[in-house]
Amino acid sequence: MVVKPTAAEPHTATRESITAFFPAYNDWGTIASMVVLTARVLSRLTDDYEIVVVNDASPDHLEEILEELGQRYTCFRYVTHESNRGYGGALRSGFAAATRDWIFYTDGDAQYDVRELRLLWEQRAGVDLVNGYKIRRSDPWYRAVVGRAYHHLVRTLFRIPVRDVDCDFRLIRREVFDRIRLTEDSGLICVELMAKVAQAHCRIAEVPVHHFHRMHGRSQFFNLRRVGRVFVQMLKLWWRLFVRKEPIGPAAHGTGA
């Protein structure tokens, strides 16, 4: 794992601080605008913030864009994986790289409006995690059908008390990762995260957010070829958590990364 640039901004704020990070793969067409907009959003929430992008060995020219952003924004840094680690591996790297009081993440494909981070920020008092839920899913019909079935299945199997397990628009208190350890490398990390948050009795708030059509690239999840494999991985995770009852934490560096 390569982290560039190495220097981080000093902690000088008098208000709560925040790290916003984006896992990115084939997202060269959207990531620059997301970073620019996020910098404006964060500057209105607190005076201590950082933005991190995790480049999960993207085969496009994402790295060049990240280098340019690093030269322009002192609040920005990025992590580069030399080989692809999967969505879960990218999230684990992002959580490990975060240094502020709160951690916000969403995907680098701009299917969520980062300006709505403000809505999550306003609901953070007294809770450990603020979970977005999609007002309406803007995906092709087959993804919407698979996504709905997936959501109901994992919510029941893993006893997750949120409306939308599949909404990657979350604000998490950093101390949560002193209580849970994440291990998944696939997209099932979101199920693992929310199941372990529930098992740790973390306090959760929920906020409705908008979901938009993907503007660039292709989604990596929930195509029909992967449904069977995801189902098998899901059962293995369920077995570990509810039959073997593996410890949910604590973890080295708070993330299992």
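The values are calculated or read from the model by the stated rules, or taken from the named source; none is laboratory data. Because the structure is predicted, anything quoted here is derived from the model rather than measured. With ideal geometry, Cβ positions are generated from the backbone for all residues, glycine too; neighbour counts draw on all protein chains shown.
Results, tabulated for the structure shown:
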| quantity | calculated |
| --- | --- |
| Every residue from segment 178-216 that is at positive phi and touching a helix residue (DSSP H, G or I) at 6+ places or on another chain (Cβ under 8 Å) | none |
| Test for ALA90: is it more than 22 Å from THR183 (Cβ to Cβ) and hydrophobic (A, V, I, L, M, F, W, C) | no |
| Within segment 44-128, helices (runs of 4 or more DSSP H) holding 1 or more residues that are small (Gly, Ala, Ser) and either within 19 Å of GLU16 (Cα to Cα) or touching a residue at least 60 places away in the same chain (Cβ under 8 Å) (or both) | 62-72, 86-97 |
| Residues of segment 169-209 that turn out to be over 21 Å from PRO250 (Cβ atoms), surrounded by fewer than 19 Cβ atoms within 10 Å (Cβ to Cβ) and not aliphatic (A, V, I, L, M), as a count | 2 |
| Members of segment 162-203 found to be assigned to a loop (DSSP other than H, G, I, E, B) and β-branched (Val, Ile, Thr), listed by number | VAL162, VAL165, ILE180, THR183 |
| Residue satisfying all of: in segment 1-39; exposed (fewer than 15 other Cβ atoms within 10 Å of the Cβ) and among the polar types (S, T, N, Q); modelled with the highest pLDDT among these | SER33 |
